[in-house]
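Okay, so here's the structure we're looking at.
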Amino acid sequence: MRRDFVVRDVPGQCHGSTGCALDGSFVVAWFAGDHEGAANSRIHLATGAGGEWSDPVAVSGDLAPCWNPVLHRRVDGDLLLYFKVGATIGAWRTWLVRSGDGGRTWSTPRPLVDGGEGGRGPVRVPPLRLPSGRLLAGASTETWGERPRWDAFVDISDDDGLTWRRTPDVPIDHDTFPGAGIIQPTLWATPGGDLRLLARSTSGRLVASTSTDEGETWSPGVPSAVPNNNSGVSACADGRTVHLAHNPTTGDWASRAPLVVSVSTDDGDTWRPWLTLEESTGAADREGYRPADSGVLTTGANEFSYPCLVRSPDGLAVTYTWQRRGIVLALLHP
């Protein structure tokens, strides 16, 4: 494994990275500002490989505050970058920029869909491309307040990411589900053609669901065996081998350290540890992660989180948040 900082010691905070492998290099984007949800939070992007990275540039224009960029490479080679804009998570709208030169220059941002409050298109990790060419994006909505409610769904694109069609929410029983619910699903396809989903949740476990009709409908969500700390995860599959980057801790707003990659060889039914990306550093882990009234997180100092796991020409690569002060790219080469 090789780890390099894409950016480090940023003013304020950085978080929510996304990566895309090009021919011999990577494009990595994230959001940064005084803090998560700050009025000066913009989408920043750098290109490079190894220890050589371009200076970060802002690609979100005057839009703010910005959150959760997601990169996607089209079949024609163009890059699409989706990101959320809104003062609160419940008011998010998704915007899109496009690059035809490997991320060096970008179009003027445009809304992804009309309306779409809460966010549409990919919410956290790159979309899944099916053999038919269809894209499936894990998406979600968050309603905050006295009784928060979170729901996950899948957005479908049949034109390689330019337009999207929303599917119904993944069914869960909100009357009995612990906490607000589920968000930010990550998806993969099995060799038999079924689709699997794991979603971040407030229950202390990732929640699993299955589709047998190319993502049109999804089975009721059920708790998996994988612990979850109510933080983002990312999966990537090659046949029946599935890798999952996540924090192996359990609890609502629990510790975001350590950060590991687990592996499954039975379509995600069972998992075993494979690789540790970052170790826990001690007492700060126990501070936890508490939501402020606005829905913005108050975080502890010891955070390795929000991985984005993607395929590269040499195997697997993952970007992630390092202490909210840097973004790391790790080459895993399984």
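The values are calculated or read from the model by the stated rules, or taken from the named source; none is laboratory data. Not measured: the values here are computed from a predicted model. Because the Cβ atoms are built from the backbone with ideal geometry, glycine has one as well, and the counts that use them run over all protein chains shown. For accessibility, only protein heavy atoms count, side chains too; no ligands or nucleic acids. Shrake-Rupley method; radii C 1.70, N 1.55, O 1.52, S 1.80 Å.
General remarks:
- Gaussian network model of the chain, Cα within-10 Å springs - most flexible of 140, 255, 211: 211
- Sequence-separation-based contact order of the chain, relative, with Cα cut under 8 Å and 6+ spacing, percent: 15 percent
- Simple spin-label estimate for residue 39 and residue 222 gives 5.0 nm between the two label positions (7 Å along the Cα-to-Cβ direction from each Cα).
- Of [x] 37; [y] 33; [z] 52, the label for percent of Cα pairs over 28 Å apart derived from the coordinates: [y]
- Placing +1 on the Cβ of every Lys and Arg and -1 on the Cβ of every Asp and Glu, with nothing else charged, gives the chain a dipole about its Cα centre of roughly 360 debye.
- Normalised by 2.2 N^0.38 Å, where N is the number of residues, the C-alpha radius of gyration of the range 109-188 stands at 1.16.
- 113, 125, ranked by accessible area, largest first (probe 1.4 Å): 113, 125
- The range 129-215: GluC sites (Glu not before Pro) in DSSP loop, at most 13 other beta carbons within 10 Å: 146
- Computed label-point distance, nm, for sites residue 250 and residue 55 using a 7 Å Cα→Cβ extension: 4.9 nm
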